[in-house]
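As structure tokens, the structure follows; a few thoughts come after it.
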Amino acid sequence: MNKKALVIGSRGNIGKPLCIHLKEKGYTVLEVDTKPGWKDGYLMADINNCLDLIEAFEWKPDVVFMLAAMVSRVTCEQAAGLAVDTNLAGLNNVIQLTRKAGAKLIYFSTSEVYGPDIEFMDESLSDPMPNNRYGLTKLLGEKLVEYEVRTYAMEAVTLRPFMMYDENEDLGDHRSAMIRFVSNLARGMEIEVHKGSARGWFHVSDAVEAIERSVGVKEYSVINIGNPDIRSIEDLAEIVRAELNASPDLITHIDLPERMTLQKRPNLARQKDLLGYEPKVGLEQGVKLVCDNMKHLFT
């Protein structure tokens with residue numbers, strides 16, 4: 001029998017491609033988001049209003065992908081109350097309904113939970129210290145999930161994604177360096193590169209495969225998902241610049257802003273061992289995909 005998947009946050013940058021991927025894998029999908037809309041298989045609901053979610057859980061999903069959240073370190077500092085309400089109270093609404101429905105929860109956390117002082121970001125670390133409200137609320141959200149698993153035997157998996165990107169994602173100054181660099185340089189605008197920063201870049205096609213595979217993990221686990229190819233942000237900027245044939249004068253190097261982590265180096269052994277997955281899209285290929293899409297948008 002095909003599994004029934006409830007995707008909460010279905011209209012977001014990860015939710016949209018995940019829904020497509022799940023359907024290709026044979027899932028029956030019910031989408032939930034706050035964005036107004038009307039179509040078969042979609043419900044408009046806010047996780048902060050649990051009554052709005054009842055219809056979705058009466059559908060009796062087998063698995064719930066919890067993607068809805070207040071995201072971005074900048075926006076969560078600005079809208080502190082909304083961040084706490086959504087990422088904790090809203091999450092708790094979903095947790096309680098998931099448990100009562102007897103479904104499995106896939107909780108989408110963030111690499112921001114680790115904070116700036118951990119050189120090798122391993123899931124077994126007992127007390128990470130995030131340095132922004134986004135990371136803090138997501139870490140506390142993990143604790144809520146773990147409590148339900150430990151106390152009420154709820155089935156769940158927590159995923160900590162590292163630097164996911166998609167050539168079709170929304171644009172904006174709150175987005176990742178990958179998207180901001182490409183969108184700005186494609187328009188002849190300047191970019192700021194953080195000196196000494198380094199990341200591994202995880203294409204959405206790899207991300208959705210890893211997320212779907214987490215459904216098969218039997219025991220509760222926290223799993224980093226990402227790409228092991230760690231590159232400096234200077235390298236990323238140069239690859240983007242060369243692909244777009246942009247002027248080197250558009251690149252400015254600055255010190256790392258506050259509440260950011262200089263380098264993110266995850267342990268990805270669990271991604272390989274528990275999910276049986278290794279990324280397929282390399283950085284140069286991913287940059288070309290994003291650049292080709294931006295050229296289409298801005299030319």
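Couple of notes before you dig in:
- Rg/Rh (Cα only; Kirkwood hydrodynamic radius) as it applies to the chain: 0.96
- Measuring how big the stretch 1-96 is from its alpha-carbon positions, Rg and Dmax come out at 13.5, 45 Å.
- Crossing angle, helix 233-244 versus the chain [Cα axis fit, 0-90 degrees, rounded to tens]: 70
- FRET efficiency estimate (nearest 0.05) - Cβ-Cβ, LEU256 to LEU82, R0 30 angstrom: 0.70
- Scattering profile of the stretch 73-220 at q = 0.20 Å⁻¹ [log10 I(q)/I(0), Debye over alpha-carbon scatterers]: -1.44
- Dipole magnitude (debye, nearest 20) for the stretch 83-186, charges at Cβ of Lys, Arg, Asp, Glu: 420
- With contacts taken as Cα pairs under 8 Å at a separation of at least 6 residues, the chain carries a relative contact order of 17 percent.
- For the chain, the 222 nm mean residue ellipticity estimated from helices alone, with every DSSP H stretch of n ≥ 4 adding -39500 (n - 2.57) and the total spread over all residues, rounds to -11000 deg cm²/dmol.
- Over 23 Å (Cα to Cα) - which of LYS195/LYS272; LYS16/LYS60; LYS25/LYS104; LYS104/LYS280 fall in this group: LYS195/LYS272; LYS104/LYS280
- Check: the chain dipole with +1 on Lys, Arg Cβ and -1 on Asp, Glu Cβ, in debye: 620
- When each of LEU289, LEU30, LEU171 is scored by the number of other beta-carbon atoms lying within 10 Å, the sequence from fewest to most is LEU171, LEU289, LEU30.
- Largest GNM mean-square fluctuation across ASP229, ASP127, ASP33, computed for the chain with C-alpha springs under 10 Å, falls on ASP127.
- HN-Hα J in Hz across the stretch 188-205 - Karplus 6.51, -1.76, 1.60, θ = phi - 60°, x for Gly and Pro: x, 9, 6, 10, 10, 10, 7, 4, x, 7, 8, 8, x, 10, 10, 5, 4, 5
- Given charges at Cβ of Lys, Arg, Asp, Glu: the chain dipole, positive-most of ALA80, LEU53, SER10: LEU53
- Ellipsoid equivalent to the stretch 137-295 - semi-axes via the Cα gyration tensor, in Å: 33, 17, 13
- Panel order for THR86, THR151, THR28, by other beta carbons found within 10 Å of each beta carbon, from fewest to most: THR151, THR28, THR86.
- Amide H contacts for LYS104 (H built 1.01 Å from N in the peptide plane; partners 5 or more residues away or on another chain; cut-off under 5 Å): VAL63, VAL64.
- Per-residue Cβ neighbour rank within 10 angstrom, fewest leading, HIS194, HIS203: HIS194, HIS203
- In order along the stretch 52-63, the phi-based Karplus estimate (6.51 cos²θ - 1.76 cosθ + 1.60, θ = phi - 60°) of 3J(HN,Hα) comes to 5, 8, 4, 4, 5, 7, 5, 5, 6, x, 7, 9 Hz; Gly and Pro are listed as x.
- Those lysines that a straight Cα-Cα span of less than 18 Å connects to LYS138, excepting residues fewer than 8 apart in one chain: LYS264
Coordinate-derived values only; no laboratory data. Bear in mind that the values here come from a model prediction, so they are computed numbers and not experimental data. Methodologically, a virtual Cβ is constructed for each residue, glycine included, from the backbone with ideal geometry; neighbour enumeration extends over all protein chains shown.
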